[in-house]
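Worksheet for the structure shown next.
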Ligand SMILES: Cc1ncc(COP(=O)(O)O)c(C=O)c1O
């Protein structure tokens, strides 16, 4: 039985019930969270701020919006703060009421789940395995033509690859031409070094139908607090804000967002350099184990296990040993041997590799 009973990784409670270990005994490679943990001092500052929960959060999210606008050099009116990037996706669907939503498989399962929850029909195109599961740009254009709103992961989960800036421009232009909203999910883009980051943020004002969505939960390691934001044309942002439940973003999350943005370049640089280095080490070692690893640019890797292995078998064998990985067998377009693993620090990655070796070369776990 798979661990992803709620459709996602990071479910320590299910793992604990399944494998008989306490939640804190697992090393979790099934959710893609910054291994450095939250920025230095964040938890202490939040602790000191705890008494503030006796009051309401700012319903206008003004402090965080001002900081984001400044740090991203973008007008305040373009921002919508959400209770996680997931809420921003829901707000886009609620506000823009697409009858048809287009997605590119394999992708983050919430694009489909949320679209269905809000009554949209979901249509899809398949990424092509030969080009690391990107879809052909003309296929994406056709999807945009045939949809009212399209989700594009940049970098995409679970394969971790980006579309080029030229492809993104082509998609955003197609959005304008066909009256389709193009929602680019940049939840993991902060993990990519600046020069390699492909984002239309600097050209946002050229594309009235473009919406960028970012998460603060992964890079700043605060998934339990929930915090994300959307950046779009001010009119679209206003429509989205109009659909938001007042106070849906709590006071501690808003404060954490401001503190994270002030954390500075040192933490950002350390994170990006750790991830880039460790991802390549991990890739090399996984290849030596007989796996095929796609060339993801984010803080996770899509991995095809050696023949005779299954994602379910590996997940269970590792889980019993206190290591959690994400099965990708249920992603349309992927197969029974595909898993996704987060890139963590050297020590944790070594434990993953060591445990995988025990499983692959030991007697148990294989199928
Ligand atoms: C591609 C992608 N986008 C968005 C999210 C949601 O992020 P948040 O925790 O900010 O809601 C996730 C979470 O796993 C994700 O994988």
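Observations, loosely collected:
- Residue match in region 332-350 (condition: at pLDDT 95 or above, in a helix (DSSP H, G or I) and surrounded by 19 or more Cβ atoms within 10 Å (Cβ to Cβ)): yes
- Subset tally (residues that are under 14 Å from residue 351 (Cα atoms) and within 20 Å of the chain's Cα centre (by Cα)) for region 283-325: 2
- Test for residue 136: is it in the same structural domain as residue 65 (by TED's automatic domain parsing), surrounded by 22 or more Cβ atoms within 10 Å (Cβ to Cβ) and more than 25 Å from residue 343 (Cβ to Cβ): no
- Residue-level check: of (1) in contact with a strand residue (DSSP E or B) (Cβ under 8 Å, 6 or more places away or on another chain); (2) surrounded by fewer than 16 Cβ atoms within 10 Å (Cβ to Cβ), residue 357 misses just (1).
- Any hit, region 34-57, residues being within 13 Å of the ligand (Cβ to nearest atom), buried (at least 22 other Cβ atoms within 10 Å of the Cβ) and within 28 Å of residue 343 (Cα to Cα): yes
- Qualifying strands (runs of 3 or more DSSP E) (wholly inside region 154-272; at least 3 residues being surrounded by fewer than 20 Cβ atoms within 10 Å (Cβ to Cβ) and away from the ligand (no atom under 14 Å from the Cβ)): none
- Test: residue in region 80-97 that is in contact (Cβ under 8 Å) with a residue 40 or more places away in the chain, away from the ligand (no atom under 16 Å from the Cβ) and in contact with a helix residue (DSSP H, G or I) (Cβ under 6 Å, 6 or more places away or on another chain): yes
- Filtering region 288-305 to residues that are surrounded by fewer than 20 Cβ atoms within 10 Å (Cβ to Cβ) and touching a strand residue (DSSP E or B) at 6+ places or on another chain (Cβ under 6 Å) leaves 292, 293, 294.
The values are calculated or read from the model by the stated rules, or taken from the named source; none is laboratory data. Please read all numbers here as calculations on a predicted model, not as lab measurements. Virtual Cβ from ideal backbone geometry, glycine too; neighbours counted across all protein chains shown.
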